[in-house]
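Taking it in order: structure first as structure tokens, then the write-up.
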Amino acid sequence: MLIVPEREIANLMTRAAAFDAVEGVFAAMASKDAYNFPVIREAIGHEDALYGFKGGFDRTGMALGLKAGGYWPNNLAKHGHINHQSTVFLFDPDTGMVRAMVGGNLLTALRTAAASSVSIKHLARKDAKVMGMVGAGHQATFQLRAALEQRAFEKVIGWNYHPEMLPNIEKIANEAGVPFEAVPLERMVEADVVISITSTFAPTIMADHIAPGTHIACMGTDTKGKQEVEAALLARATVFTDEVTQSVSIGEAQHAVSAGLIEIGDVHELGAVINGTHKGRSSNDEITLFDGTGVGLQDLAVAAAVVELAVKNGVAIEVDF
Ligand code: NAD
């Protein structure tokens with residue numbers, strides 16, 4: 001069995017490798033060569049922690065396994081560890097024997113940023129110039145860094161519920177050589193691409209904040225009850241997702257579907273666009289919306305890629321198990 005510790009991930013995994021892994025697994029999901037197992041997420045009644053498992057099997061990449069982990073709200077204050085903690089376990093699909101244990105914290109941020117980037121590659125207008133960010137927390141920095149590689153963006157505009165956090169994303173824009181401006185939410189209409197990555201339970205982005213022709217990736221809503229955008233925006237947009245089942249139950253589409261504004265059949269897999277079985281954007285005026293809910297197969301795909309890199313670089317720890 002191989003172990004790739006969390007401390008090695010930053011030296012091994014690149015944004016490009018995460019992008020390729022996630023694009024490949026979305027395509028495999030749409031062609032039914034890969035599927036996710038039902039998600040388990042439990043409040044364990046200890047330390048206010050939420051703990052669970054996301055797993056699946058990808059027949060094309062022969063990745064079988066799960067990510068185990070969750071959220072411990074007191075970690076940072078009490079123990080000096082980050083609050084989100086996860087570990088990926090990979091198994092040999094031929095024998096069921098454990099193949100690898102991989103630190104999952106940084107990988108989660110990289111695979112989540114890769115998902116919105118894949119959606120921008122396939123759905124945003126080619127001439128997109130203004131990048132809009134709603135959110136400025138931990139994930140937002142990874143999201144922006146990856147998104148800026150997808151188009152020739154000339155400006156980043158940003159809004160955050162806690163404005164004091166905006167320097168987090170301003171720094172990323174500046175590092176990429178792109179000017180940044182903090183704006184009121186109403187000015188998101190100036191953006192050609194918007195990423196929302198917040199933990200809100202009440203929508204902040206209204207339908208009128210998004211101009212025709214925009215691509216918006218909604219990445220924060222991954223739990224029942226969370227909501228970043230007004231449901232009416234989904235009725236105006238062509239809606240894509242990583243996985244339809246998750247989108248309508250724990251993703252942004254849960255609200256538009258339960259309000260009767262759209263139907264399950266209106267939510268399309270991004271993988272179908274990658275595979276060429278859905279045409280994707282059909283006009284320059286169309287709003288495309290990607291509901292990125294986060295699937296276990298993304299975790300397995302990036303973990304499998306990092307194990308390969310660790311072996312190549314001689315840093316995988318081998319244990320007799
Ligand atoms: P964080 O705590 O670092 O940042 C939270 C962000 O939400 C900040 O921008 C904060 O200002 C904003 N926010 C908090 N309360 C708000 C409110 N009431 N209204 C509007 N904005 C508010 O968290 P993070 O690690 O950056 O995660 C952000 C979200 O992304 C979380 O909801 C997390 O569960 C989700 N997430 C999704 C995936 C996925 O695959 N889709 C993966 C990882 C995290």
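The values are calculated or read from the model by the stated rules, or taken from the named source; none is laboratory data. Just so we're clear, the structure is a prediction, and the values are computed from it rather than from any experiment. As a convention, Cβ positions derive from the backbone with ideal geometry for all residues, glycine included, and neighbour counts pool all protein chains shown. Surface accessibility is based on the protein's heavy atoms, side chains included, excluding ligands, DNA and RNA. Shrake-Rupley method; radii C 1.70, N 1.55, O 1.52, S 1.80 Å.
Miscellaneous remarks
- When residues of region 186-216 are limited to those that are out of contact with any Leu (no Cβ under 8 Å at 6 or more places or on another chain) and aliphatic (A, V, I, L, M), the one nearest to Ala140 (Cα to Cα): Ile197
- Within region 30-48, tally of residues that are open to solvent by less than 80 Å² (accessible area, probe 1.4 Å) and within 14 Å of the ligand (Cβ to nearest atom): 2
- Residue count for region 18-35, restricted to those that are within 17 Å of Ser117 (Cα to Cα) and more than 15 Å from the chain's Cα centre (by Cα): 1
- Matching residues in region 29-51 - criterion: being in contact with a helix residue (DSSP H, G or I) (Cβ under 7 Å, 6 or more places away or on another chain) and either part of a helix (DSSP H, G or I) or within 15 Å of Lys224 (Cα to Cα) (or both): Met29, Ala30
- Inspection of region 289-297 finds a residue satisfying the criterion of being at positive phi and touching a residue at least 40 places away in the same chain (Cβ under 8 Å).
- Residue count for region 261-286 under the criterion of being open to solvent by 20 Å² or more (accessible area, probe 1.4 Å) and either without any contact (Cβ under 8 Å) to a residue 40 or more places away in the chain or not β-branched (Val, Ile, Thr) (or both): the result is 17.
- Within region 54-72, the set of residues being hydroxyl-bearing (Ser, Thr, Tyr) and either open to solvent by less than 50 Å² (accessible area, probe 1.4 Å) or closer than 18 Å to Val306 by Cα (or both) comprises Thr60 only.
- Yes/no for Ala272 being of a type outside the set (Phe, Trp, Tyr), assigned by TED's automatic domain parsing to the domain that holds Val39 and part of a helix (DSSP H, G or I): no
- Of the residues making up region 207-222, those that are out of contact with any strand residue (DSSP E or B) (no Cβ under 8 Å at 6 or more places or on another chain) and open to solvent by 10 Å² or more (accessible area, probe 1.4 Å) are Asp208, His209, Ala211, Pro212, Asp222.
- Restricting attention to region 238-260, the residues being of a type outside the set (S, T, N, Q), open to solvent by less than 10 Å² (accessible area, probe 1.4 Å) and in a helix (DSSP H, G or I) number 2.
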